[in-house]
Amino acid sequence: MDELLLRRARDGDAGAFEQLMTPLEGRIWRICWHYIGRREETSDCAQEAMLKIWRGLGAYRGDCAFETWVYRVAASCSLDWLRKRKRERSESIEPLREKGFDPPDPSPGTEDRVIEADRHQRLREAIARLPEDQREALVLTQLEGVPYEEAAAQLRISEGTLKSRISRAKVKLKEWLAEEREHSPGNIVQQRERRGP
């Protein structure tokens, strides 16, 4: 990262900010995508993250790599977006469900696509629940494909610590998703059918 560009961007130079951020734009978009999973919303969230980075440059103190700080802002923005979307969705559909509105989708393969989309959404939500240090390590290496050595350097931790965080994150995700599957309505019905009336 270019310290001079950062200094100029902090002083309000939009051109310097653009130069500083151009190499990171793709990563910001992908980070938002990993959390949100919908192209249009991801683009909106990535733009919001860029705006927060621009407005928050003064908050960057250099206690972590600039790229890591950018990642944290994008991840935080994505988590806020998810919470907002979940709140809006439950507020908007609940009155309709109370009235029995649940229209079927006649297009072929819809059920499989819905199940797969739901699975991805549950994984994203589970990742969002991880402690920040584990979430960062997991997203950078497993979703972004950043090599362990580079990810450890970005997070300013040893590779051993990085691997430990990834391992703990994977264990938690497996536990949470297994619990969720166990308590899903379909699984409860199957358990009742096996037990009998």
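Taken together, the values in this text are just the output of simple stated rules run on the coordinates, not laboratory data. No experiment lies behind these values; they were computed from the predicted model shown. FYI the Cβ positions are ideal-geometry reconstructions off the backbone, even for glycines, and counts take in every protein chain you see.
Separation between the residue 87 and residue 119 pseudo-spin-labels, each 7 Å from Cα along Cα→Cβ, expressed in nm?
3.2 nm
Can you tell me the FRET efficiency between residue 43 and residue 142 if r is taken as the Cβ-Cβ distance and R0 is 25 Å, rounded to the nearest 0.05?
0.60
Find out how many positive minus negative residues lie around residue 24, taking Lys and Arg as positive, Asp and Glu as negative, among other residues whose Cβ is under 13 Å from that of residue 24.
Taking every Cβ under 13 Å from that of residue 24, the sum is -2.
Please arrange 163, 84, 172 by how many other C-beta atoms lie within 10 Å of their C-beta, fewest to most.
The order, fewest Cβ neighbours first, is 84, 163, 172.
Which FRET efficiency value, to the nearest 0.05, do you get for residue 30 and residue 72 by plugging their Cβ-Cβ distance into 1/(1 + (r/R0)^6) with R0 = 22 Å?
0.90
For a footprinting-style exposure proxy, rank 161, 68 by other Cβ within 10 Å, fewest first.
In order of increasing Cβ crowding within 10 Å: 161, 68.
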